[in-house]
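S.K.: First the structure, then my questions, so here it is.
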Amino acid sequence: MKKQKQRHVKTRFEPETRFEVGAIAPVAVRGSLEAKLEELKARLLMPLIDESKNAAEAAPLRLAANEAAGLAWFTPFPLLFLPALLEEKVYAAQRQEARQRQIREKTEALLALARN
């Protein structure tokens with residue numbers, strides 16, 4: 001093996017740099033915005049729950065509303081985004097409920113045939 005030539009590098013150090021650490025910048029309090037978001041969610045959800053026939057149908061709607069509020073919270077304007085997000089989530093929940101109802105009806109029909 002060949003020996004590599006060693007090179008000496010002269011090091012230079014600059015004087016230390018110091019800086020002051022100030023207080024953390026104030027963050028806007030979103031407490032009032034949270035309350036407004038919850039109020040809007042409740043106002044938008046109430047007519048949907050009133051239309052539902054029983055408590056079992058209302059549960060997916062509440063879940064959809066909570067998901068929509070959670071997503072809206074991470075947008076720059078949660079109060080503006082909530083209605084559209086809620087509409088999308090409720091539509092998805094209703095489609096899922098309809099699909100489950102279809103499966104239940106088919107299963108019941110198949111079970112009735114199997115019993116005979």
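The values are calculated or read from the model by the stated rules, or taken from the named source; none is laboratory data. Remember, predicted model here, so these are calculated numbers, not experimental data. Neighbour counts run over all protein chains shown; Cβ positions are idealised from the backbone, glycine included. Ligands, DNA and RNA are excluded from the accessible area calculation, which covers all protein heavy atoms including side chains. Shrake-Rupley method; radii C 1.70, N 1.55, O 1.52, S 1.80 Å.
S.K.: Checking residue 15 against (1) touching a residue at least 12 places away in the same chain (Cβ under 8 Å); (2) loosely packed, with under 10 Cβ neighbours inside 10 Å, only one condition comes out false. Which one?
M.R.: The failed condition is (1).
S.K.: Filter the stretch 33-54 down to the residues that are assigned to a helix (DSSP H, G or I) and open to solvent by 80 Å² or more (accessible area, probe 1.4 Å) and list them by number.
M.R.: Step one: list which residues in the stretch 33-54 are assigned to a helix (DSSP H, G or I), which gives 33-51.
Matches in the stretch 33-54: 34, 36, 38, 39, 43, 46, 50, 51.
S.K.: Condition check: in contact (Cβ under 8 Å) with a residue 24 or more places away in the chain, under 22 Å from residue 95 (Cα atoms) and of a type in the set (A, V, I, L, M). Does residue 44 satisfy that? Steps first, answer last, please.
M.R.: Values: in contact (Cβ under 8 Å) with a residue 24 or more places away in the chain: yes; under 22 Å from residue 95 (Cα atoms): yes; of a type in the set (A, V, I, L, M): yes.
Here the answer is yes, as residue 44 does meet what is asked.
S.K.: Within the stretch 67-76, does at least one residue satisfy the condition of being free of Cβ contacts under 8 Å to residues at least 12 places away in the same chain, out of contact with any Ser or Thr (no Cβ under 7 Å at 6 or more places or on another chain), open to solvent by 80 Å² or more (accessible area, probe 1.4 Å) and part of a helix (DSSP H, G or I)?
M.R.: No, because not a single residue in the stretch 67-76 is free of Cβ contacts under 8 Å to residues at least 12 places away in the same chain, out of contact with any Ser or Thr (no Cβ under 7 Å at 6 or more places or on another chain), open to solvent by 80 Å² or more (accessible area, probe 1.4 Å) and part of a helix (DSSP H, G or I).
S.K.: Separate question: Determine which member of the set 109, 98, 58, 93 is touching a Ser or Thr at 6+ places or on another chain (Cβ under 8 Å) and farther than 25 Å from residue 31 by Cα.
M.R.: Of 109, 98, 58, 93, the one residue that is touching a Ser or Thr at 6+ places or on another chain (Cβ under 8 Å) and farther than 25 Å from residue 31 by Cα is 58.
S.K.: Find the residue count for the stretch 33-71, including only residues that are under 14 Å from residue 86 (Cα atoms) and basic (Lys, Arg).
M.R.: So the answer is 3.
S.K.: While we're on this one: List the residue pairs whose Cβ atoms are under 9 Å apart, where the first residue sits in the stretch 93-116 and is under 28 Å from residue 49 (Cβ atoms), the second is hydrophobic (A, V, I, L, M, F, W, C) and assigned to a helix (DSSP H, G or I), and the two are 6 or more positions apart or on different chains.
M.R.: 93/61; 93/63; 93/64; 94/61; 94/64
S.K.: Whether any residue in the stretch 93-102 is assigned to a helix (DSSP H, G or I), out of contact with any strand residue (DSSP E or B) (no Cβ under 9 Å at 6 or more places or on another chain), at pLDDT 95 or above and open to solvent by less than 100 Å² (accessible area, probe 1.4 Å) is what I want to check.
M.R.: No, there is no match, as no residue in the stretch 93-102 is assigned to a helix (DSSP H, G or I), out of contact with any strand residue (DSSP E or B) (no Cβ under 9 Å at 6 or more places or on another chain), at pLDDT 95 or above and open to solvent by less than 100 Å² (accessible area, probe 1.4 Å).
S.K.: What is the residue count in the stretch 36-55 for residues that are among the aliphatic types (A, V, I, L, M), touching a helix residue (DSSP H, G or I) at 6+ places or on another chain (Cβ under 8 Å) and more than 23 Å from residue 72 (Cα to Cα)? Spell out the reasoning first.
M.R.: Initially, the stretch 36-55 is screened for residues among the aliphatic types (A, V, I, L, M), giving 37, 40, 42, 44-46, 48-49, 55.
Among the residues that remain, those that are also touching a helix residue (DSSP H, G or I) at 6+ places or on another chain (Cβ under 8 Å) are: 37, 40, 44-45, 48-49.
Subset that is more than 23 Å from residue 72 (Cα to Cα): none.
Residues in the stretch 36-55 being among the aliphatic types (A, V, I, L, M), touching a helix residue (DSSP H, G or I) at 6+ places or on another chain (Cβ under 8 Å) and more than 23 Å from residue 72 (Cα to Cα): 0 in total.
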